[in-house]
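Data first, discussion second: the structure below is written as C-alpha coordinates.
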Amino acid sequence: MTARWLSQTFVHWPYRPEEVQALLPGGLQVDVFRNAAWVGVTPFLMASVKVLGVVPLPVSTFTETNVRTYARLPDGKDGLWFLSIDVSNPVMLAARAIGAPYHLGSLKIRTDGSLIHYTGERRGGGPHYRLTVRPGAPFEVTELDVWLTSRWRSFTRSAGLIWETPVEHEPWPLARGTILDLRENLAASAGLSAPVGEPVVHFSSGVGPVRLGATRPARAARTSVVSEQTLKGR
(Lines give C-alpha, C1' and ligand atoms only; values in the text may rest on other atoms or scores of the structure.)
Protein backbone atom coordinates (compact mmCIF):
# COMPACT_ATOMS: atom_id res chain seq x y z
CA MET A 1 0.00 0.00 0.00
CA THR A 2 1.10 3.57 -0.62
CA ALA A 3 -0.34 6.75 0.85
CA ARG A 4 0.38 10.27 2.00
CA TRP A 5 0.13 11.14 5.70
CA LEU A 6 -0.82 14.82 6.08
CA SER A 7 -1.53 17.38 8.82
CA GLN A 8 -0.29 15.05 11.54
CA THR A 9 -0.04 16.05 15.17
CA PHE A 10 1.90 13.95 17.70
CA VAL A 11 0.87 14.35 21.35
CA HIS A 12 3.04 12.24 23.68
CA TRP A 13 3.05 11.61 27.42
CA PRO A 14 5.51 9.57 29.53
CA TYR A 15 4.21 6.54 31.44
CA ARG A 16 5.61 4.04 33.88
CA PRO A 17 7.08 1.19 31.77
CA GLU A 18 5.32 -1.49 33.80
CA GLU A 19 1.92 0.09 33.13
CA VAL A 20 2.46 0.02 29.37
CA GLN A 21 4.08 -3.43 29.45
CA ALA A 22 0.87 -4.82 30.93
CA LEU A 23 -0.93 -3.89 27.69
CA LEU A 24 1.57 -5.58 25.37
CA PRO A 25 1.29 -9.19 24.21
CA GLY A 26 3.84 -11.85 25.04
CA GLY A 27 6.84 -11.56 22.75
CA LEU A 28 7.04 -7.75 22.89
CA GLN A 29 8.97 -5.65 25.40
CA VAL A 30 8.08 -2.03 26.07
CA ASP A 31 10.62 0.38 24.62
CA VAL A 32 11.74 3.22 26.87
CA PHE A 33 13.50 6.57 26.61
CA ARG A 34 15.10 7.99 29.75
CA ASN A 35 13.44 5.28 31.85
CA ALA A 36 9.93 6.16 30.64
CA ALA A 37 7.55 4.47 28.24
CA TRP A 38 5.74 6.88 25.93
CA VAL A 39 2.18 6.88 24.63
CA GLY A 40 1.08 9.09 21.76
CA VAL A 41 -2.25 10.27 20.37
CA THR A 42 -1.70 11.04 16.69
CA PRO A 43 -4.53 12.33 14.46
CA PHE A 44 -3.81 12.83 10.76
CA LEU A 45 -5.19 12.73 7.23
CA MET A 46 -4.65 9.63 5.09
CA ALA A 47 -4.57 10.69 1.43
CA SER A 48 -4.01 9.07 -1.97
CA VAL A 49 -4.25 5.56 -0.50
CA LYS A 50 -3.54 2.90 -3.13
CA VAL A 51 -3.27 -0.86 -2.94
CA LEU A 52 -0.08 -2.15 -4.60
CA GLY A 53 0.68 1.51 -5.26
CA VAL A 54 -1.72 1.71 -8.22
CA VAL A 55 -5.32 0.80 -7.22
CA PRO A 56 -7.05 3.57 -5.21
CA LEU A 57 -9.26 2.57 -2.30
CA PRO A 58 -12.98 3.32 -2.80
CA VAL A 59 -12.44 6.25 -0.40
CA SER A 60 -8.77 7.14 -0.79
CA THR A 61 -8.68 10.20 1.53
CA PHE A 62 -9.91 9.93 5.11
CA THR A 63 -9.06 10.75 8.73
CA GLU A 64 -7.33 8.41 11.17
CA THR A 65 -6.27 8.71 14.80
CA ASN A 66 -3.87 6.34 16.56
CA VAL A 67 -3.10 5.68 20.19
CA ARG A 68 0.37 4.20 20.02
CA THR A 69 3.34 3.15 22.08
CA TYR A 70 6.77 1.70 21.34
CA ALA A 71 7.96 -1.88 21.67
CA ARG A 72 10.82 -4.23 20.81
CA LEU A 73 11.15 -7.84 19.76
CA PRO A 74 13.55 -10.08 21.71
CA ASP A 75 16.20 -9.48 19.01
CA GLY A 76 15.99 -5.70 19.65
CA LYS A 77 14.06 -4.76 16.49
CA ASP A 78 11.82 -1.81 17.42
CA GLY A 79 8.47 -0.60 16.16
CA LEU A 80 5.03 0.76 16.93
CA TRP A 81 2.35 -1.02 18.91
CA PHE A 82 -1.13 0.45 18.40
CA LEU A 83 -3.42 0.46 21.41
CA SER A 84 -6.26 1.66 19.20
CA ILE A 85 -6.82 2.99 15.68
CA ASP A 86 -9.93 5.03 14.94
CA VAL A 87 -10.72 5.59 11.28
CA SER A 88 -13.49 7.08 9.16
CA ASN A 89 -13.10 4.62 6.25
CA PRO A 90 -14.76 1.21 6.85
CA VAL A 91 -12.53 -0.45 4.23
CA MET A 92 -9.62 -0.23 6.68
CA LEU A 93 -11.40 -2.54 9.11
CA ALA A 94 -10.15 -5.43 6.96
CA ALA A 95 -6.78 -5.04 8.71
CA ARG A 96 -8.36 -6.54 11.83
CA ALA A 97 -7.46 -9.86 10.21
CA ILE A 98 -3.82 -9.30 11.22
CA GLY A 99 -4.74 -7.91 14.63
CA ALA A 100 -4.71 -4.18 13.86
CA PRO A 101 -7.15 -2.62 16.39
CA TYR A 102 -9.25 -0.59 13.95
CA HIS A 103 -12.51 1.02 15.06
CA LEU A 104 -14.95 2.90 12.86
CA GLY A 105 -15.85 6.40 13.89
CA SER A 106 -16.77 9.92 12.85
CA LEU A 107 -13.46 11.82 12.54
CA LYS A 108 -12.85 15.28 11.14
CA ILE A 109 -9.97 17.70 10.54
CA ARG A 110 -10.71 21.40 10.07
CA THR A 111 -8.34 24.31 9.43
CA ASP A 112 -9.14 27.76 10.79
CA GLY A 113 -6.43 30.22 9.85
CA SER A 114 -3.27 29.00 11.59
CA LEU A 115 -5.20 26.56 13.80
CA ILE A 116 -5.97 22.91 13.13
CA HIS A 117 -8.96 21.28 14.81
CA TYR A 118 -9.29 17.51 15.17
CA THR A 119 -12.43 15.82 16.45
CA GLY A 120 -13.48 12.20 16.64
CA GLU A 121 -15.99 9.86 18.23
CA ARG A 122 -16.02 6.09 17.92
CA ARG A 123 -19.16 4.51 16.53
CA GLY A 124 -21.41 3.41 19.35
CA GLY A 125 -20.12 6.13 21.69
CA GLY A 126 -17.43 5.97 24.31
CA PRO A 127 -13.93 6.91 23.09
CA HIS A 128 -13.75 10.45 21.74
CA TYR A 129 -11.39 13.41 21.47
CA ARG A 130 -11.18 17.09 20.62
CA LEU A 131 -7.85 18.72 19.87
CA THR A 132 -6.90 22.18 18.64
CA VAL A 133 -3.26 22.85 17.75
CA ARG A 134 -1.35 25.89 16.58
CA PRO A 135 1.67 24.71 14.54
CA GLY A 136 4.90 26.54 15.23
CA ALA A 137 8.13 26.97 13.33
CA PRO A 138 10.51 24.17 12.30
CA PHE A 139 13.27 23.50 14.82
CA GLU A 140 16.43 21.48 15.31
CA VAL A 141 15.26 18.09 16.49
CA THR A 142 16.60 16.39 19.60
CA GLU A 143 17.20 12.70 20.23
CA LEU A 144 13.79 12.45 21.91
CA ASP A 145 12.03 14.07 18.94
CA VAL A 146 13.52 11.51 16.57
CA TRP A 147 12.81 8.63 18.97
CA LEU A 148 9.12 9.55 19.22
CA THR A 149 8.45 10.05 15.52
CA SER A 150 10.83 7.82 13.54
CA ARG A 151 9.76 4.17 13.54
CA TRP A 152 9.94 1.95 10.49
CA ARG A 153 7.65 -0.95 11.34
CA SER A 154 4.50 -1.70 13.29
CA PHE A 155 3.62 -4.84 15.24
CA THR A 156 0.30 -6.63 15.57
CA ARG A 157 -0.76 -9.95 17.08
CA SER A 158 -3.05 -12.48 15.44
CA ALA A 159 -3.41 -16.29 15.46
CA GLY A 160 -0.92 -16.51 18.32
CA LEU A 161 1.84 -14.78 16.32
CA ILE A 162 3.48 -11.36 16.36
CA TRP A 163 3.34 -9.81 12.89
CA GLU A 164 5.37 -6.91 11.53
CA THR A 165 4.58 -4.44 8.75
CA PRO A 166 7.53 -2.43 7.37
CA VAL A 167 7.09 1.28 6.59
CA GLU A 168 9.22 3.57 4.44
CA HIS A 169 9.01 7.34 4.01
CA GLU A 170 11.15 10.46 4.16
CA PRO A 171 11.87 11.88 7.64
CA TRP A 172 9.00 13.88 9.09
CA PRO A 173 9.36 17.66 8.65
CA LEU A 174 8.66 18.60 12.27
CA ALA A 175 7.50 21.79 13.94
CA ARG A 176 6.59 22.43 17.53
CA GLY A 177 2.90 22.57 18.31
CA THR A 178 0.94 24.50 20.92
CA ILE A 179 -2.22 22.87 22.25
CA LEU A 180 -5.10 25.30 22.70
CA ASP A 181 -7.73 22.69 23.52
CA LEU A 182 -7.46 19.00 24.34
CA ARG A 183 -10.17 16.72 25.69
CA GLU A 184 -9.80 12.98 25.15
CA ASN A 185 -10.49 9.64 26.75
CA LEU A 186 -8.68 7.50 24.17
CA ALA A 187 -5.82 6.62 26.53
CA ALA A 188 -8.21 5.62 29.32
CA SER A 189 -10.28 3.57 26.87
CA ALA A 190 -7.10 1.70 25.91
CA GLY A 191 -6.56 0.71 29.55
CA LEU A 192 -4.15 3.42 30.68
CA SER A 193 -4.33 5.81 33.59
CA ALA A 194 -5.00 9.46 32.78
CA PRO A 195 -1.93 11.26 31.36
CA VAL A 196 -0.07 13.42 33.83
CA GLY A 197 1.77 16.66 33.08
CA GLU A 198 2.31 18.62 29.91
CA PRO A 199 2.67 16.53 26.75
CA VAL A 200 5.42 16.74 24.15
CA VAL A 201 3.76 18.08 21.00
CA HIS A 202 4.92 17.97 17.39
CA PHE A 203 3.18 18.96 14.18
CA SER A 204 4.05 17.88 10.65
CA SER A 205 2.58 19.06 7.37
CA GLY A 206 3.07 15.48 6.24
CA VAL A 207 5.12 12.93 4.32
CA GLY A 208 4.62 10.96 1.14
CA PRO A 209 4.72 8.74 -0.58
CA VAL A 210 4.55 6.37 2.37
CA ARG A 211 5.16 2.74 1.43
CA LEU A 212 3.74 -0.04 3.62
CA GLY A 213 5.21 -3.44 2.86
CA ALA A 214 3.73 -6.89 3.17
CA THR A 215 2.80 -7.99 6.69
CA ARG A 216 4.64 -11.13 7.79
CA PRO A 217 5.23 -13.11 10.97
CA ALA A 218 7.99 -11.47 12.96
CA ARG A 219 9.59 -14.84 13.73
CA ALA A 220 9.77 -15.66 10.02
CA ALA A 221 11.26 -12.25 9.36
CA ARG A 222 14.02 -12.87 11.91
CA THR A 223 14.70 -16.30 10.40
CA SER A 224 15.06 -14.85 6.91
CA VAL A 225 17.53 -12.25 8.14
CA VAL A 226 19.63 -14.91 9.85
CA SER A 227 19.56 -17.08 6.73
CA GLU A 228 20.61 -14.15 4.54
CA GLN A 229 23.51 -13.31 6.84
CA THR A 230 24.59 -16.96 6.91
CA LEU A 231 24.61 -17.11 3.10
CA LYS A 232 26.60 -13.90 2.88
CA GLY A 233 29.08 -15.36 5.38
CA ARG A 234 29.65 -18.28 3.04
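Going through (1) 13.0; (2) 11.5; (3) 13.8, the figure that equals mean projected area of the Cα convex hull in nm² as computed for the structure here is (3).
For the range 43-131, the set of trypsin sites (Lys or Arg not before Pro) satisfying both a DSSP loop assignment and a count of at most 14 other C-beta atoms within 10 Å is given as ARG123. A simple spin-label model places the labels of SER150 and ALA194 3.6 nm from each other, with each point 7 Å out along Cα-to-Cβ.
Phi angles across the range 184-199 convert, under the Karplus curve 6.51 cos²θ - 1.76 cosθ + 1.60 with θ = phi - 60°, into 3J(HN,Hα) values of 8, 10, 5, 5, 5, 5, 7, x, 9, 6, 4, x, 10, x, 6, x Hz, Gly and Pro given as x.
The sum of -39500 (n - 2.57) across all DSSP H runs of n ≥ 4, divided by the residue count of the chain, sets its helix-only mean residue ellipticity at 222 nm to -3500 deg cm²/dmol.
Each of GLY26, THR69, VAL59 was placed along the dipole of the range 5-135 (beta-carbon charges, centred on the mean Cα), and the one lying farthest toward the positive end is VAL59. A simple rule links phi to the HN-Hα coupling: the Karplus curve 6.51 cos²θ - 1.76 cosθ + 1.60 with θ = phi - 60°, which for the range 148-155 gives 6, 10, 10, 10, 10, 6, 10, 10 Hz, with x for Gly and Pro. Taking the DSSP beta bridges in the chain as the whole, what percent of them are antiparallel, to the nearest 5? DSSP beta bridges in the chain are roughly 95 percent antiparallel. Residue ranking by accessible heavy-atom surface, 1.4 Å probe, largest first, among VAL55, VAL210 comes out as VAL55, VAL210. Kirkwood radius for the range 38-158, taken over all pairs of different Cα atoms as the inverse mean of 1/r, rounds to 16.1 Å. Beta-bridge orientation, the range 29-120: approximately 90 percent antiparallel, per DSSP, counting only bridges with both partners inside. Each pair of Cα atoms in the range 31-97 enters the Kirkwood radius, and Stokes-Einstein at 10 °C and 1.306 mPa s then converts it into a translational diffusion coefficient of 115 µm²/s. Once the Cα atoms are used to define both axes, helix 218-233 deviates from the longest principal axis of the chain by about 50 degrees. 3J(HN,Hα) couplings calculated from phi for the range 84-90 with the Karplus curve 6.51 cos²θ - 1.76 cosθ + 1.60 (θ = phi - 60°) are, in sequence order, 6, 9, 9, 8, 9, 10, x Hz; Gly and Pro show x. The length gained by stretching the chain between ALA47 and ALA175 to full extension, at 0.36 nm per residue less their Cα-Cα distance, is 44.0 nm.
The values are calculated or read from the model by the stated rules, or taken from the named source; none is laboratory data. None of the values given here were measured: they were computed from a predicted structure. In this analysis, Cβ positions are derived from the backbone assuming ideal geometry, glycine residues included, and neighbour counts consider all displayed protein chains. In case anyone asks, the SASA skips ligands and DNA or RNA and just uses the protein heavy atoms, side chains included. Shrake-Rupley method; radii C 1.70, N 1.55, O 1.52, S 1.80 Å.
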